[in-house]
Amino acid sequence: MPDRGGGPTGPRIRVGRPSRRARTLLMTLGVLAVLGMAFTMFAGFWTDWLWYRSVNYSSVFTTTLWTKIGLFFVFGLLMAVAVGFNVWLAHRLRPPLSAMSMEQQSLDRYRMGVAPYKKWLLLGITALVGLIAGASAAGQWRTWLMWVNGVPFGQKDPQFSLDVSFYAFDLPWYRFLLGFGFAAAILSLIAAALTHYLYGGLRVTSPGARATAAATGHLSVLLGIFVALKAVAYWLDRYGLAVKSSDFRATDNWTGLRYVDANAYLPAKTILFCIAVICAVLFFATLWRRTWQLPVIGFGLMVLSAILIGGLYPAIVQKFQVQPNEQAKEAPYVNKNLTATREAYGIDDAQVTEYSGTGSTKDKTKLRDDVDSTASIRILDPNIVSPTFQQLQQIRNYYAFPTNLDVDRYSKDGKDQDTVIGLRELNLNGIPKNNWINDHFRYTHGYGVVAAKGTTADAEGRPVFTESDLPSKGDLGDYQQRVYYGEKTTTYSIVGGPQKEIDYSDDSGEKTTSYQGKSGVSLSSTVNRAAYALAFSEPQILYSGAIGDGSRILYNRTPKERVEAVAPWLTIDGDAYPAVVGNKIQWIVDAYTTTNGYPYASRTTLGDTTADSLTATNNSRAVVAQQNQVNYIRNSVKATIDAYTGEVKLYQWDTKDPVLKTWMKAFPGTVKSKSAISADLMAHLRYPQDLFKVQRELLTRYHVKDAQTFLSGSEVWQVPDDPTNKSGNAVPPYYLSMKMPDQKAQAFSLTTTFTPNGRDNLSAFMSVDAEAGTSDYGKIRILKLPTSTTVNGPKQVQSQFNSEQDIAESIKLLKGGDSDIEYGNLLTVPLDGGLLYVEPVYVRGGGLKYPLLRKVLVTYGGNTAFEDTLDQALDKVFGAQDTSTSPPDDDTTTNPPPTSDNPTVQGALQDAQKAFDAGQEALKKNDWEAYGKAQKDLEDALQRAEDAQAAADKKKPAGGSGASPSPSASPSTGKSPNTA
């Protein structure tokens, strides 16, 4: 060994190979590192398998896994073989060394460097491209399963007369295969060209022939394959026109052929297909001709044709044929788009009815009675009263309610009652002390349901609870109250072992329990504990004494997480809601099947379409897969999750949906039949909000059925912004039991309003029957208001509320010192040709941290009331008494005007009467400027009458007789001017 340092008598330091002990240590560390990486990968796989097995959906895990593995190996192997074969072939076709030029001889050192490792290098290159290709192909497992299990739609597209399933299931797979083919051809071409260059088959700077005959033939075949694939692409592009999106007439994501597509692009694609086929044949012909001349000419022709025929010609057609007469040219294609879009989104049967917007009944007493039979008006806003539930029913700090409560129906004395409901879920931020044992072993679940009547409040403005206290008791009977799975339960818990759990607390102290369900994964195995310790980055799971016989770990505990995991092919609604079904709390989740391959149906982005003022403040209400673009959607599955056991059940809801049938073939046994839904569960199923929001957004344009109206844009609507807050987001739809004009009885419904594009008056009112199990479930009804008159929309109604002087003064008094006003949902109810608006007003403050219902705003036909209760407000709006915001009706009996013998007084009173009448007319027209002027004229006239009468009284002798009128009384009413 060489020595370093030190003189003849100095110390010597040995430098050389590491000692055997060091080598052993390094090898041991290396083996441990590899084992650690392997176990980390195994832990992820093993815990996933254990979880799917625990929820009895192991078939979903295995089907998905084997599909991914199969695609990975098949396409990875194909790519590796394609690239490896062409590298091997290029090496085999190399020229002899004696024929190499000076340029190639300079590459000797590279060839000599590669030569000893060429087999390993070839293996490494093919393995790398194979891994990349395989990983990419594995991500297409949904596309493969839909293609291999595709079920016909039974509907044909209007252009090519192909079943819709071709576009939804087949075309995506063909496009993937085409893309894979292009990638294989390009990578093979690059690898072959580099190999030919390295071994002398290609020359760049040397004089003479640039390529050997063998290299020319080899590369020409690869180029021919590439061009042949391009021909296939042109052919598929013809069908792709039916699902191509574009901007048309301010309609984002318009889908389908237009005039220029059918008459320019379609023939252009056919011509380009023929040219590409000829060009590919010319490339293959070089195997015999050994020249690039004809293939290069053909390729140039193809490129030139693509520019002229595929680009310039359609532009000319659009400019000189379509634009001069666009409506006539586009009308047939617009009609196809209208039909397909309405079918794809389930709005083709929407019933549009003309609605006057103005009440016709003069009998106010009858109208007042009709209100109760028309709607069960919900004045308890589930999006505002959560803090009230929290304050009054939280009971313990370690419980919490969701930000937005839910609306459901429960029967009492044979009558359905709209009910606001929420679960008392676990809140780890409220436990006395956070530590690993408390967070995951002792505080593991919530407890009980809290429910309140939606249509009333008590004298203090608090909810009238029908289920309350801890343990919960009330109208819902006996049920399992422990909530181990919920929207706010986002962490794991370990239950069922030696550590007791906090159940709930009462006056006698804490009650404990131990989980008796079969949910979760057993931790009795050391392997399982080690896997979860690694998966959750918590080593205590491996050795903690709190884990023993019977211990089970619960995770993936939110309803949406569980449904998304067991059915990854579904899109989940943003709002899961709880219901007491039988003796259990069940979470109900709506799920959708979607595709973006429905020909001619315009696309929409789910995240944008389902956004409103609630999702803006509560991300948990946002629809999953927010940026998914779809042009077909069905609420095909209703899912339930047991709040105690976590059991997930999927029920087939849309029995005709071909997309669901396809997935049921791919994952047999995962979805139960519709007939398996119990009557108790059916009573709580409802029409989903996200589907309704998608449909209402489409109906802003697609409520029209003729192309001319659609193209003119004169009937475009918009969803109004929420007028009750300043978020600037769309008003959310509201659940409400109500009766539309053509219905005989109230039905649980989901409602919304429309305004004209860019204006605030009302265009239409939309309702869908949301009561599952009825014959009209899902029926969309639209009341279309006339365009010749204006009816106030939500924003204008809110502005009217805010601008009323008496209401503004009352609100100012309600605010008091540090109180805040919160406006509840502005509900709209069609009534006798008119529209009744109801809005609860909450006050938060004055020492209270939660909102209480203090007032109810009601308006109908220009009459407005602002009272303590809904009944009082309705009585006032439909009653005989007049207020500043409720003008008298034509049939109202009024007091006779005061009289006087004084001509000056008589003239002033006549002017006052005219001013009063003008003010009432202005109120009916919502002309506040004219109303203010009339009020001023009224005061001036009354003041003149008073002054004239006072002057006349002074001239009378004391004790004179004669009845003097009261000049302070307003004409026709006998009330003071301020009251009038």
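The values are calculated or read from the model by the stated rules, or taken from the named source; none is laboratory data. Keep in mind it's a predicted model, so treat the numbers as computed, not measured. Cβ coordinates were reconstructed from backbone atoms using ideal geometry, including for glycine residues, and neighbour counts include every protein chain displayed.
Before moving on, here are some points about what is shown:
- A count restricted to region 771-814 and to residues that are under 30 Å from Trp653 (Cα atoms) and of a type in the set (A, V, I, L, M) stands at 4.
- Odd one out for Leu304 among (1) over 21 Å from Gly217 (Cα atoms); (2) over 45 Å from the mean Cα position of the chain (by Cα); (3) among the aliphatic types (A, V, I, L, M): (2)
- Check on Val563, modelled with pLDDT of 95 or more and within 29 Å of Thr67 (Cα to Cα): yes
- Filter result for the condition that a residue is buried (at least 17 other Cβ atoms within 10 Å of the Cβ) and at pLDDT below 90, over Asp612, Asp549, Asp608: Asp612
- Region 286-306 - residue that is among the hydrophobic types (A, V, I, L, M, F, W, C) and touching a residue at least 24 places away in the same chain (Cβ under 8 Å) and, of those, farthest from Ala213 (Cα to Cα): Ala306
- Condition met for Gly414 (at positive phi and in the same structural domain as Leu874 (by TED's automatic domain parsing)): no
- Of the set (1) touching a Phe, Trp or Tyr at 6+ places or on another chain (Cβ under 9 Å); (2) within 16 Å of Ala306 (Cα to Cα), all apply to Ser246 but (2).
- Test: residue in region 811-828 that is touching a Gly at 6+ places or on another chain (Cβ under 7 Å), in contact (Cβ under 8 Å) with a residue 24 or more places away in the chain and closer than 17 Å to Glu354 by Cα: no
- From Gly454, Gly422, Gly448, Gly474, residue being closer than 24 Å to Asp408 by Cα, in the same structural domain as Gln394 (by TED's automatic domain parsing), free of Cβ contacts under 8 Å to residues at least 60 places away in the same chain and buried (at least 20 other Cβ atoms within 10 Å of the Cβ): Gly448
- Residue match in region 736-756 (condition: within 18 Å of Asp408 (Cα to Cα), touching a residue at least 24 places away in the same chain (Cβ under 8 Å), basic (Lys, Arg) and in a loop (DSSP other than H, G, I, E, B)): yes
- Lys364 fulfils the conditions (1) farther than 30 Å from Tyr592 by Cβ; (2) surrounded by fewer than 19 Cβ atoms within 10 Å (Cβ to Cβ); (3) more than 28 Å from the chain's Cα centre (by Cα) except for a single criterion, (2).
- In region 504-520, residue nearest to Val483 (Cα to Cα) [restricted to those that are free of Cβ contacts under 8 Å to residues at least 12 places away in the same chain and part of a strand (DSSP E or B)]: Lys511
- Total residues in region 757-770, condition surrounded by 23 or more Cβ atoms within 10 Å (Cβ to Cβ) and in a loop (DSSP other than H, G, I, E, B): 3
- Failed criterion for Thr286 (all others in (1) at pLDDT 90 or above; (2) of a type in the set (Val, Ile, Thr); (3) surrounded by 20 or more Cβ atoms within 10 Å (Cβ to Cβ); (4) more than 25 Å from Thr594 (Cβ to Cβ) hold): (1)
- Within region 72-98, being more than 30 Å from Trp144 (Cα to Cα) and either surrounded by fewer than 14 Cβ atoms within 10 Å (Cβ to Cβ) or among the aromatic types (Phe, Trp, Tyr) (or both) holds for Trp88, Arg92, Pro96, Leu97, Ser98.
- When Thr828, Thr787 are checked against the criterion of being closer than 26 Å to Ser714 by Cα, touching a Ser or Thr at 6+ places or on another chain (Cβ under 9 Å) and surrounded by fewer than 13 Cβ atoms within 10 Å (Cβ to Cβ), a single residue qualifies: Thr787.
- Each residue in region 152-172 was checked for being of a type outside the set (Phe, Trp, Tyr), surrounded by 19 or more Cβ atoms within 10 Å (Cβ to Cβ) and part of a loop (DSSP other than H, G, I, E, B), and 2 of them qualify.
- Leu852 closer than 22 Å to Asp369 by Cβ and at pLDDT 85 or above: no
- Options Lys739, Lys705: the member that is farther than 16 Å from Val768 by Cα, of a type in the set (D, E, K, R) and either out of contact with any strand residue (DSSP E or B) (no Cβ under 9 Å at 6 or more places or on another chain) or not assigned by TED's automatic domain parsing to the domain that holds Val407 (or both): Lys705
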